[in-house]
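The values are calculated or read from the model by the stated rules, or taken from the named source; none is laboratory data. Since the structure is predicted, the reported quantities are computational estimates derived from the model, not experimental observations. Cβ sites come from the backbone with ideal geometry, for glycine too, and all protein chains shown count toward neighbours.
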C-alpha cells in the first residue's frame, strides 16, 4: 500500500506540475503576443500619422495652387477688359 500511495502522490505532483508549466508557458506566449501586437499597432499608428501629415501637406499645396489660379483668372479678366478697350480705341482711330 505504501508503494501505491507514493506512486499516487508522484502522479498527482506530475499532473499538477504539468498543468503549472502549461499555464506558465501560456502566459509567457501571451505576453510575447501582446508585445508583438503592441509593436505592430505602434507601427501602424506611426504610418497613419505619416499619411495624415502627407495629406495635410497636399491639401495645403492644393489650396495654394487654387489661390494662384484665382489670381491668374482675375488678371486674365483684367487683360481681356484692357484688350477690349484697346480694340475699341483702335476701331475709333480707324473710323475717323
Out of 44, 6, 12, I need the residue that is part of a helix (DSSP H, G or I), surrounded by 10 or more Cβ atoms within 10 Å (Cβ to Cβ) and within 51 Å of the chain's Cα centre (by Cα). Which one?
44
Checking the condition surrounded by fewer than 10 Cβ atoms within 10 Å (Cβ to Cβ) and either modelled with pLDDT of 90 or more or assigned to a helix (DSSP H, G or I) (or both), which residue from 81, 92, 37 passes?
92
